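Comments concern the structure below.
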Amino acid sequence: MSKSKIPAKIPAKIPVKLPAKIPVKLPALPYTEPLSVMTLKGETHLVLKPDAETRARIAQFAGLHALDRFEAHLTLHPRHDGSVEVSGRVDAETQPICVVTLEPFADRVSEPVEATFAPPEVLARLAEREVEEDEDALADGSPELPDAIVNGHIDPAALAVEYLILGLDLYPRKPDADFAEIKVGEDMISPFAALKALKSDEGKG
């Protein structure tokens, strides 16, 4: 009589603990002053002039060496559907970092502001209408949907910082900054021409 097969002991299933998703931490806004839309009884004019400490935070946020002056003159127009139109201008004296010399230099920004904020129900209606009229309503060239009014508030200060950044040069360069030229004998050649000549010589070797 053969021995009965005894099943091997199966180890208990060890639960594998998956790592929790690490939330992406967005940088804190350097300048924020939420404003309740319920307080807007008519056209409202705002002048925003952040202090030196706030300007330093804005400069760091925007990648500037310094922000010597920052003013936003905004007009808020509440509409009957609960939306708020914001218009005005942002003016600033900045110190960006030159991409050639890596030195800060004085520059200016003057950017017109035009934005609209709408409550969630208005945004939903607008989005539905756009889709019904054109399947490519949100493609390039189509009007953008307004920004959202969050918990009954808009933030003109954060909007001003956004337009300041929009007005900054992506590749700031001092007016007198230029790439150094390389002198060979009596001739002056650009660094790009020198690099091309060097590569040609390497190809001959």
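The values are calculated or read from the model by the stated rules, or taken from the named source; none is laboratory data. Quick caveat, the model's predicted, so the values are computed rather than measured. Here the Cβ is made from the backbone with ideal geometry for all residues, glycine too, and neighbour counts use every protein chain on show. Protein only, heavy atoms only, side chains kept; ligands, DNA and RNA dropped before computing areas. Shrake-Rupley method; radii C 1.70, N 1.55, O 1.52, S 1.80 Å.
Table for the structure above
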{"quantity": "Those residues of region 85-104 which are assigned to a loop (DSSP other than H, G, I, E, B) and open to solvent by 30 Å² or more (accessible area, probe 1.4 Å), in sequence order", "calculated": "VAL99, VAL100, THR101, LEU102, GLU103"}
{"quantity": "Test: ALA194 is at pLDDT below 55 and closer than 30 Å to ALA66 by Cβ", "calculated": "no"}
{"quantity": "Failed criterion for GLU181 (all others in (1) among the acidic types (Asp, Glu); (2) at pLDDT 55 or above; (3) surrounded by 11 or more Cβ atoms within 10 Å (Cβ to Cβ) hold)", "calculated": "(2)"}
{"quantity": "Count of residues meeting criterion [open to solvent by 70 Å² or more (accessible area, probe 1.4 Å) and touching a Ser or Thr at 6+ places or on another chain (Cβ under 8 Å)] in region 55-84", "calculated": "1"}
{"quantity": "Breaking point among (1) open to solvent by 30 Å² or more (accessible area, probe 1.4 Å); (2) at pLDDT 95 or above; (3) of a type in the set (Val, Ile, Thr), for VAL113", "calculated": "(1)"}
{"quantity": "Residue in region 94-110 that is modelled with pLDDT of 90 or more, touching a helix residue (DSSP H, G or I) at 6+ places or on another chain (Cβ under 6 Å) and not β-branched (Val, Ile, Thr) present", "calculated": "no"}
{"quantity": "Any chance VAL150 is open to solvent by 40 Å² or more (accessible area, probe 1.4 Å), within 25 Å of ARG89 (Cα to Cα), modelled with pLDDT of 80 or more and not acidic (Asp, Glu)", "calculated": "yes"}
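Matching residues to (1) among the β-branched types (Val, Ile, Thr); (2) modelled with pLDDT of 95 or more:
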residue: MET1; (1), (2): no, no
residue: LYS5; (1), (2): no, no
residue: ILE10; (1), (2): yes, no
residue: ALA20; (1), (2): no, no
residue: PRO50; (1), (2): no, yes
residue: PHE61; (1), (2): no, yes
residue: HIS65; (1), (2): no, yes
residue: THR75; (1), (2): yes, yes
residue: HIS80; (1), (2): no, no
